[in-house]
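Notes to accompany the following structure.
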Amino acid sequence: MKKIILALSFCMLVLVGCGSSEKEATTSFKPYNTGDEIELTSVVGTKATLIREQNGFKLKGSDKIVMFDIFGTYCPPCQKEAPHLMDYQLKNSDDFMIIGLIHFEKVSDKDIIENFSKKYNAYYFITNSDSNPRLIEQILSDIDYKRALQLPFKVVLKNGVYQVLTDTLGMSQTNKFYLGEITTNVISKDISRIRSAN
């Protein structure tokens, strides 16, 4: 009898804790409104402004395709793909921009420059802002992503609309994200298709 009471008590504790934390997570997120401007500053001090569209984001004053790369400097796949992303960014800078969003870590801009950008030749736009969690939460909400976030995680937008991307995990024909390390060959094919679509 004692075991049953203890088991029921434990279950109640777990259920109350889960409900409470889920409520806190839900109520703390404040969605962006259409037309909101989000000014981002990179770790080297350059600026970019995003405009909130109906269901996505675009660069203010630009029609560039935007890739958000949600990553951590400590993450081995993020480190491995960084020089390839930089190379792709350089070759496609006329109509494409990568915005790296630091997530799941507290690190200074100086540390990012010294221990990530210089070490892995990652000189694309990386922001380490306090607004990153809200922006990331909005991205995940926009694409209705329900699973635990793993890094690296990327989405691509054209004209403020999330684009369908190659699903390297073979789970969906309407996939709107890359999960894990992605080759520039996959990215290049998707961006070429996105460019040519109306």
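A search for C-beta distances below 6 Å between a residue of region 44-73 that is at pLDDT 95 or above and surrounded by fewer than 13 Cβ atoms within 10 Å (Cβ to Cβ) and any residue that is among the aliphatic types (A, V, I, L, M) and not in a loop (DSSP other than H, G, I, E, B), counting only pairs 6+ apart in sequence or on different chains, returns K60/I51. When you scan region 125-146, do you find a residue that is in contact with a Ser or Thr (Cβ under 9 Å, 6 or more places away or on another chain) and assigned to a loop (DSSP other than H, G, I, E, B), even just one? Checked against the condition, which is being in contact with a Ser or Thr (Cβ under 9 Å, 6 or more places away or on another chain) and assigned to a loop (DSSP other than H, G, I, E, B), region 125-146 yields at least one hit. Within region 93-110, identify whether any single residue is among the aromatic types (F, W, Y), in contact with an Asp or Glu (Cβ under 9 Å, 6 or more places away or on another chain), modelled with pLDDT of 95 or more and surrounded by 13 or more Cβ atoms within 10 Å (Cβ to Cβ), and answer yes or no. No, there is no match, as no residue in region 93-110 is among the aromatic types (F, W, Y), in contact with an Asp or Glu (Cβ under 9 Å, 6 or more places away or on another chain), modelled with pLDDT of 95 or more and surrounded by 13 or more Cβ atoms within 10 Å (Cβ to Cβ).
Filtered by the rule that a residue be closer than 21 Å to D109 by Cβ and among the aromatic types (F, W, Y), region 68-94 gives F68, F71, Y74. The one condition from (1) within 14 Å of the chain's Cα centre (by Cα); (2) closer than 27 Å to K189 by Cα; (3) not in a helix (DSSP H, G or I) that S93 does not meet is (1). Pairs are defined by a Cβ separation below 9 Å, a sequence spacing of at least 6 or placement on different chains, a first member in region 177-190 that is closer than 21 Å to Y74 by Cβ and open to solvent by 40 Å² or more (accessible area, probe 1.4 Å), and a second member that is among the basic types (K, R) and part of a helix (DSSP H, G or I); the pairs so defined are E181/K80. Would you call N115 open to solvent by 50 Å² or more (accessible area, probe 1.4 Å) and in a loop (DSSP other than H, G, I, E, B)? Here the answer is no, as N115 does not meet what is asked.
The requirement of being under 24 Å from K176 (Cβ atoms) and of a type in the set (G, A, S) is satisfied by S129.
The values are calculated or read from the model by the stated rules, or taken from the named source; none is laboratory data. As the structure is a prediction and not an experimental result, all values here were calculated from the model. So basically every Cβ, Gly included, is an ideal-geometry build from the backbone, and we count neighbours across all protein chains shown. Surface accessibility is based on the protein's heavy atoms, side chains included, excluding ligands, DNA and RNA. Shrake-Rupley method; radii C 1.70, N 1.55, O 1.52, S 1.80 Å.
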